[in-house]
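Only one structure is covered here, and it is reproduced in the block below.
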Amino acid sequence: MSRLADEHGAINLSQGFPDFECDPDLVDAVTRHMRAGHNQYAAMPGVLALREALSHKIEFLYGRRYDPATEITVTSGATEGLYSALTALVRPGDEVVLLQPAYDSYLPVIQLSGGTPVFVTLRGPHYRVDWDDVRRAVGARTRAIVVNSPHNPTGMVFDADDIRALSSVLQGTDAVVVADEVYEHMVFDGRRHESLARYPEIAERAVIVSSFGKTYHTTGWKVGYCAAPRSLSAEVARVHQFVTYAVNGAIQRAYAEWVLRDPGATDVMPFYQAKRDRFLSLLEGSRFRPLPCAGTYFQMLDYSPITSESDSDFALRLLREYGVAAIPVSPFLTGADPGPVLRFCFAKRDETLERAAERLRKV
């Protein structure tokens, strides 16, 4: 969709990246570390200063201390972290429970490792998890459950009841949890991010994956991390070593400064909640119906008052005829009806959102 947006000169609200710059001081920090000579291979598990900063951050926010020497691995973005975690865990014949719509990197990694996905479909408009469905999906061959909160593409956010239900599902099993928490600092309307690191009984069998790109508006720098108990972390690092080996050291050192400066990234949540609210206010008077968005920087819109076209067909027509690129939900699903819904990214400048909304109101 980004390629098509470029070809047609459309406003790109499809792929999840900002159209504004990061803090120039962060760029200066990276430059400073480059000029200081940090331009060769960094340590395989990550620059120690960053791992120490992350250990402090996670303990400060969620109450669990991960040993920076043995329980944190810095990866080439969260996508590589997810790849390394799932590849380390899944063997041929294993089953992995996926809550769908699901970020599109999960499924191919499971399949490449010889695993079998078992899908549990979230139902709109709220996309809450039916934990009875999850319980029925878990069996003797279940190796892992993949969870994602705040959730891409729906904007759903786990609450404490979800965590209690997940804990109940795990009882009596050997399943490991892989938790995609890259939008941890984008939780709206007074909600709390329920990181699995808060819950010792789950954290002991979980690999938590997050990143810096969403938080610091630097998606192109591709730096993420996995936090896990020592035994799991060692297996993740074993795969990471042969995927990318090491991540840009100057950027890691700059991120370490930013994490220590403000572990909670306190300006991010109000910034993106204001973006969401701005986008929704601009859509007033359109025929699109916003679905609940409790987190991330994505807004799902129901287009059923407009057309009965499939989501892919309508997304293409919206791009070509109205000049706005969005993402259909069907690529996030396997064997399930996406419904009349498209995903829009609101991590954009106000003028971009205003121009896009003007076009959307004409649809």
Quiz item: So G37 clears everything in (1) at positive phi; (2) surrounded by 13 or more Cβ atoms within 10 Å (Cβ to Cβ) except one condition, right? Which one?
Solution: (2)
Self-check item: Among the candidates L98, L48, residue that is closer than 15 Å to A179 by Cα, in the same structural domain as A197 (by TED's automatic domain parsing), of a type in the set (A, V, I, L, M, F, W, C) and modelled with pLDDT of 95 or more
Solution: L98
Quiz item: Inside segment 327-348, can you point out the residues that are free of Cβ contacts under 8 Å to residues at least 40 places away in the same chain and either acidic (D, E) or over 18 Å from R317 (Cα atoms) (or both)?
Solution: D337
Exercise. Please work out which one of (1) touching a strand residue (DSSP E or B) at 6+ places or on another chain (Cβ under 6 Å); (2) in the same structural domain as G37 (by TED's automatic domain parsing) is the condition R253 fails and give its number.
Key: (1)
Quiz item: Can you spot a residue in segment 125-140 that is crowded, with 20+ Cβ neighbours inside 10 Å, among the β-branched types (V, I, T) and under 27 Å from S76 (Cα atoms)?
Solution: no
Exercise. Would you mind telling me which numbered condition in (1) in a strand (DSSP E or B); (2) exposed (fewer than 15 other Cβ atoms within 10 Å of the Cβ); (3) of a type in the set (A, V, I, L, M) L301 fails?
Key: (2)
Quiz item: So, in segment 308-322, of the ones that are in contact with a strand residue (DSSP E or B) (Cβ under 6 Å, 6 or more places away or on another chain) and not hydrophobic (A, V, I, L, M, F, W, C), which residue ends up surrounded by the most Cβ atoms within 10 Å (Cβ to Cβ)?
Solution: D311
Self-check item: Matching helices (runs of 4 or more DSSP H) fully within segment 34-138 where at least 3 residues are touching a strand residue (DSSP E or B) at 6+ places or on another chain (Cβ under 6 Å) and within 25 Å of D159 (Cα to Cα)
Solution: 77-89, 131-137
Exercise. Taking V182 as the residue in question, decide whether it is part of a loop (DSSP other than H, G, I, E, B) and either modelled with pLDDT of 95 or more or within 23 Å of H240 (Cα to Cα) (or both).
Key: yes
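The values are calculated or read from the model by the stated rules, or taken from the named source; none is laboratory data. This one's a predicted model, so the numbers in the text were calculated from it and none came from an experiment. As a convention, Cβ positions derive from the backbone with ideal geometry for all residues, glycine included, and neighbour counts pool all protein chains shown.
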